[in-house]
Amino acid sequence: MTAKSYAYYPGCSLQHHNAAYAVSTEAVARALGFELAEIDDWNCCGATEYFSVNRLPAYSLVARNLARAADSGATEIVVPCSACFLNLHKTDKHMKLYPELGKKVNTALAAGHLHYEPGTIQVRHLLEMFVNDIGLEKLKERARRPLYGLKLAAYYGCLVARPDAVFDSTEQPTAMDHLIEALGATAAPFALKTFCCGGHMTQISESTALEMLHKIVENAAEGGADAIVTLCPMCQLNLDVYQGYANKLFETDYEMPILFFTQAIGLALGLSPKELGFGQEFVDAMSVVRKIGEVPPPRAKPERRSKQALPMPVMPE
Amino acid sequence: MKEMTEPTFYDRVVDLTPGGEKLSLCLQCGTCGGSCPSGPDMDHTPRALFAMIKAGLDDDVLSSNTPWYCVSCYTCTTRCPQQIPITDIMYTLKEMAIQAGRYEHPHAAKFSETFIGLVEQRGRSFEIGLATRYHLFHHPQQMVKLGLMGMNMMRHNRLVLRPKSIREVDQLQAILAEAKALSAKESHV
């Protein structure tokens, strides 16, 4: 049997400041026996910058990747970064939805001898691929070292949940919570799981960004989380690298490790922290590894009703 | 019979935004502003800005800091009961403000432009180039802090010192040049 191979769009962040996401993704792919084949000569998706300044070139920039992927015979591409995922998905969708726009983008592509027929490529986020193709049952089976005793907050951020609920709810996504539970850990209650990390605001108005990410870390800590698990390199960068600045500004002392979900999967599969790119994070994440228990924690007994409590109303038969 | 008139400011915003015609459906309910994580820092909530667009207050709209504080999180867009593509309208307003030379938040525009410049040059983004160019030119007083941050990033093995390039930069640049030419035609219509 040959291993399933996916066309893969890693994005710039994974090659630069968040190699840990790339390393852990590749390690987990090897362990689970599927292949990620990089799209030949892919280019930057423009992040949140290009679309806000020059719309048509922004669509064309993204469409070059879709066209090259389609030319290679791919019908789907897997994307680990939320911003890349949004831009690729949005370009494909808008080219189809607004034919006038689609025509203009193809006129631009023709200058580079390319053409893209919207709808050819299905753009998929890496998390969705794990949940739907690999499946939680298989991950549970393959978890040689389940993450017993860990309480993890599933942080989705913006661009996977919104604007299109491609594979989960926009307000209350649960895919990563279920994944965390399948790995043997407990999903922490986390009301701000889709609250924005601030994106590029750290560069533009730092106090705005620090307030946003402070709220997220605070909320995860209130839910008793040992770490936040994320699926986006920008979210990881902001929450991890700027956590110290936020602590200073708000006079707090949070030390909340920020992991990628692929690192959590890798740990459960029995891979070593080194193979999963641990050590790049600003807030030490080894504390999480050390906390993994040998046995599942005892199930909390449901609390008994107090004898002084008022009687419960009884429904008539 | 209706007379042919110059497109109004409102018409231009609608024309430049994919799905922009939904702007006419705004109920002024304020769900957008209430949902916005950076709303407290904005001069006007998106709702107020939309009323201003309809009232033809071009100058006030283009000089508002609101679009520049948009973090592209799309919370307003998904919650809008009328399905107005609010985030995309914010992008249109930024684009129009840059073209009119009327933006109140120069940092944000310069950050985007610096980022784009590097991508156009090599086809990939490059953090060191971005950080040094953007901060050096726009707030050099921050360079010490930035240097410390850079050293920390380096210590954690999170900075790539040499920019990466795609192989067929020519192809990308030809596509972008064509798109820009089309774009220029569009805004003159």
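The values are calculated or read from the model by the stated rules, or taken from the named source; none is laboratory data. This structure is a prediction, so every number in the text was calculated from the model and none was measured. A quick note on method: Cβ atoms are made from the backbone with ideal geometry, for glycine too, and the neighbour counts reach across all protein chains shown. We work out accessible area using only protein heavy atoms, side chains counted, and drop any ligands, DNA or RNA first. Shrake-Rupley method; radii C 1.70, N 1.55, O 1.52, S 1.80 Å.
Just a few scattered comments:
- Other-chain or far-sequence residues with amide H under 5 Å of A:Lys4's (modelled H): A:Glu35
- Among the listed pairs A:Lys215/A:Lys307; A:Lys151/B:Lys94; A:Lys104/B:Lys94; A:Lys140/A:Lys215; A:Lys4/A:Lys93; A:Lys248/B:Lys164, a Cα-Cα separation exceeding 30 Å is found for A:Lys215/A:Lys307; A:Lys151/B:Lys94; A:Lys140/A:Lys215; A:Lys248/B:Lys164.
- Candidates A:Ile134, A:Ile258, A:Ile77: whichever shows maximal mean-square fluctuation once chain A is modelled as a Gaussian network with Cα springs under 10 Å: A:Ile134
- CD proxy at 222 nm, helix term only [per DSSP H run n ≥ 4: -39500 (n - 2.57); per residue of chain A; nearest 500]: -12500 deg cm²/dmol
- Pairs of Cα atoms nearer than 8 Å and 6+ residues apart set the relative contact order; for region A:10-143 it is 24 percent.
- Partners for B:Lys185 among aspartates and glutamates (Cα-Cα distance below 18 Å; same-chain residues under 8 apart left out): A:Glu100, B:Glu6, B:Asp11, B:Asp15, B:Glu95
- Of interest is the spacing of the C-alpha centroids, which for region B:83-159 and region A:231-303 amounts to 29 Å.
- Convex hull of the protein assembly as shown built on C-alpha atoms - directionally averaged projected area, nm²: 30.8 nm²
- Simple Cβ-charge dipole of region B:22-92, Lys/Arg +1 and Asp/Glu -1, about Cα centre, in debye nearest 20: 360 debye
- A loss of 10 Å² or more of accessible area (1.4 Å probe, protein heavy atoms, ligands and nucleic acids excluded) relative to the isolated chain is seen in these residues of region B:159-174: B:Val160, B:Lys164, B:Ile166, B:Arg167, B:Glu168, B:Gln171, B:Leu172, B:Ala174.
- Angle between chain A longest axis and helix A:19-32 axis [Cα atoms, degrees, rounded to 10]: 80 degrees
- Spin-label model distance (nm) - B:Phe137 vs A:Lys140, 7 Å beyond Cα toward Cβ: 5.5 nm
- Region A:129-148 and region A:178-208: distance between their alpha carbon centers, rounded to Å: 22 Å
- The angle separating the long axis of helix B:127-138 from the principal Cα axis of greatest extent in chain B is about 70 degrees.
- Taking the inverse of the mean reciprocal distance over all distinct Cα pairs, the Kirkwood hydrodynamic radius of region B:1-155 comes to 17.3 Å.
- Rounded to 0.05, the FRET efficiency of the A:Glu76 and B:Gln173 pair, given R0 = 30 Å and the Cβ-Cβ distance, is 0.60.
- Region B:31-189, relative contact order in percent, only Cα pairs under 8 angstrom and at least six apart counted: 17 percent
- Sites A:Asp164 and A:Arg290, calculated FRET efficiency, Cβ-Cβ separation with R0 30 Å, nearest 0.05: 0.15
- For the options B:Leu25, B:Leu148, B:Leu93, a Gaussian network treatment of chain B with springs between C-alpha atoms closer than 10 Å singles out B:Leu148 as fluctuating the most.
- Total charge dipole magnitude, the protein assembly as shown, about the Cα centre, Cβ charges on Lys, Arg, Asp, Glu only, Debye to nearest 20: 960 debye
- Chain A, relative contact order in percent, only Cα pairs under 8 angstrom and at least six apart counted: 18 percent
- For chain B, a simple Cβ point-charge model (Lys and Arg +1, Asp and Glu -1, everything else neutral) yields a dipole of about 1000 debye relative to the Cα centre.
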